[in-house]
């Protein structure tokens, strides 16, 4: 019977141990957030380090679309941004994309499951930062890229290799801590 009190003591200390472990994890998370090293929307992509999947999409309006071959022919790093007119986060991201355009960052847009008229109205309201613009009406290219939802942005190097992916709207912190270092590395 002497073993029973020890088991009760362990059971009494167990919640404290769990709380302490959770506290350490939370403190670590706060530290990474403060340093800009934590992305709560960061979803791993199996395509990082691999060539972009094959695709060929029609253009928006009268403009030409683009394909994997066009990305490879660009011979420069490109940001491929999936967006839609009905996406609230896409509207929030629009001004930052405009600033990236002003800096000379090549942005290629793919409108996801959107109507051409709605996309045109969206671009009239929020500006068009895209060098090239294509429509993914069925969403198959988005599926092939592993898109979870819009907006999503992929950094594709000059050789057509996906080097980074950001789910959700780009932010100044993402540009500063994620995109700018990649642009320097792959320039």
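Numbers at a glance
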item: Fraction of beta bridges assigned by DSSP in the range 56-186 that are antiparallel (%, nearest 5); result: 55 percent
item: Residue of 79, 11, 97 that the Gaussian network model of the chain assigns the largest fluctuation, springs spanning Cα pairs under 10 Å; result: 11
item: Cα-projected label distance for residue 131 with residue 69, points at 7 Å along beta-carbon direction, nm; result: 1.9 nm
item: Cα→Cβ-extended label distance, 7 Å offset, between residue 115 and residue 144, nm; result: 2.7 nm
item: Theoretical gain in end-to-end length, residue 8 to residue 51 [0.36 nm per residue, Cα-Cα removed]; result: 9.8 nm
item: Net length gained if the chain between residue 158 and residue 180 were fully extended (0.36 nm per residue, minus Cα distance); result: 6.4 nm
item: The chain: calculated mean residue ellipticity at 222 nm from DSSP helix runs of at least 4, using -39500 (n - 2.57); result: -13500 deg cm²/dmol
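Values in this text are rule-based calculations from the coordinates and carry no lab data. Keep in mind that this is a model prediction, so the values were computed, not measured. Reconstructed Cβ throughout: ideal geometry from the backbone, glycine too, with neighbour counts over all protein chains shown.
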